[in-house]
1. Taking the conditions exactly as written (in a strand (DSSP E or B) and within 14 Å of the ligand (Cβ to nearest atom)), does F298 satisfy them or not?
2. State whether the residues of segment 271-284 include one that is in a strand (DSSP E or B) and within 13 Å of the ligand (Cβ to nearest atom).
3. Could you give me the residue pairs with C-beta distances under 7 Å whose first residue belongs to segment 235-250 and is within 12 Å of G205 (Cα to Cα), whose second residue is assigned to a strand (DSSP E or B) and more than 9 Å from the ligand (Cβ to nearest atom) wherever it lies, and which are 6+ apart or on separate chains?
4. Filtering segment 286-322 down to residues that are touching a Phe, Trp or Tyr at 6+ places or on another chain (Cβ under 9 Å) and among the β-branched types (V, I, T), which residue is farthest from V70 (Cα to Cα)?
5. Give segment 63-102 a look and list any residue that's more than 15 Å from L189 (Cα to Cα), among the charged types (D, E, K, R) and either part of a strand (DSSP E or B) or within 14 Å of the chain's Cα centre (by Cα) (or both), or say none.
6. Of everything in segment 205-242, what is within 12 Å of the ligand (Cβ to nearest atom), closer than 18 Å to A288 by Cβ and within 13 Å of the chain's Cα centre (by Cα)? Give them in sequence order.
7. Which condition number does G105 fail, the rest of (1) within 18 Å of the chain's Cα centre (by Cα); (2) crowded, with 24+ Cβ neighbours inside 10 Å being met?
8. Give all pairs with beta carbons closer than 6 Å in which a residue from segment 56-82 that is more than 12 Å from K117 (Cβ to Cβ) and of a type in the set (G, A, S) meets a residue that is within 16 Å of the ligand (Cβ to nearest atom) and not in a helix (DSSP H, G or I); count only pairs at least 6 apart in sequence or on separate chains.
Amino acid sequence: MKTRREFIKTAALGAAALTAGNATRLIASTGPVRKPLVVSTWSFGMPANVAAWKKLVEGERALDAIETGVRVCEGDPEVRTVGYGGYPDRDGYVTLDSCIMDETGNAGSVAFLQHIKHPVSVARKVMEETPHVMLVGEGALRFALDQGFEKENLLTPKAKASWKQWLKDGGNYEPIRPDQADHDTISMLAIDQTGDLSGCCTTSGLSYKMHGRVGDSPIIGAALFVDNEIGGACATGVGEAVIKTVGSFLVVELMRQGLSPQEACKAAVERIVNRYPEYRKVQVGFLAINKRGEAGAFAIGKGFQYAVHDETGNVLVDAEYLLG
Ligand code: GLY
């Protein structure tokens, strides 16, 4: 990580220093801004990016693009950690968490929501149709039904069979680092053609969690934070570690201080493992973009991938990581 003195030296060579009140923001000012742009977590981000990209090139808001994008993942029964087809909690209930944030700083979220296939769209309705930021459980369901969402059974036969097998195997809960086949939240960030940012997260949470457990994905500042002046950050992995460090807010604030998205994600991962050594064995990944369209990511462990779609195409990138 650059020291503040080193950063200012760099800034003097190719960046502008902007003063906002007593704080000094340093934003690199060289090179063209990369927009539109959409990034998302894991390999299931690839088809989600394609859907979001279509909206972006049509000139739609980043907010519409990200909602459209993650709905692809929420509706896919083969994705076992998001929406329909997601693994249930230890009592057999599929409970969903999601949040969304737009370019004005508006936010909405739902937690512990059951029976609704697209929690991200309910989170958006909370943001746009209520004076609140977050609705949970029965209240969130009632609101979704009032808004016209359909009540559905989200526990697919495959997910149910996996849960039954887990019970048969002893029903032990251990949030170990997931492998490629069993990853986690889809989190997505985008910049639209006007340069505005939005982001969202959606997940069925950790498999076989306690009934009532809520992770980081519906918590603004933890799994997601967007500041349209600076950039956006989002998270995937064991939510407890992300909540305790307010991870995505931390990443955005580090970018505000002049770190690149990559450097900021790395610093947030280091914060987790240094402050909470017990999380060294779990996975957390951060993904961030800044206002200029630079992207970066970093994870505790090997295996985190993220998808980046810009005008040159859609690519899956292996994130750098701290521990083997
Ligand atoms: N990151 C998802 C969760 O912890 O539930």
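The values are calculated or read from the model by the stated rules, or taken from the named source; none is laboratory data. For clarity, every value in this text was computed on a predicted model and none was experimentally measured. In this analysis, Cβ positions are derived from the backbone assuming ideal geometry, glycine residues included, and neighbour counts consider all displayed protein chains.
1. Considered against the rule, which asks whether it is in a strand (DSSP E or B) and within 14 Å of the ligand (Cβ to nearest atom), F298 comes out as no.
2. The answer is yes; a qualifying residue exists.
3. T236/T41; T236/G285; G237/G285
4. I300
5. E74, D97
6. Selection gives D216, S217, I219, A222, A223, L224, C234, A235, T236, G237, G239, V242.
7. Result: G105 passes all but (2).
8. As it stands, the answer is G69/M188, since those pairs meet every condition given.
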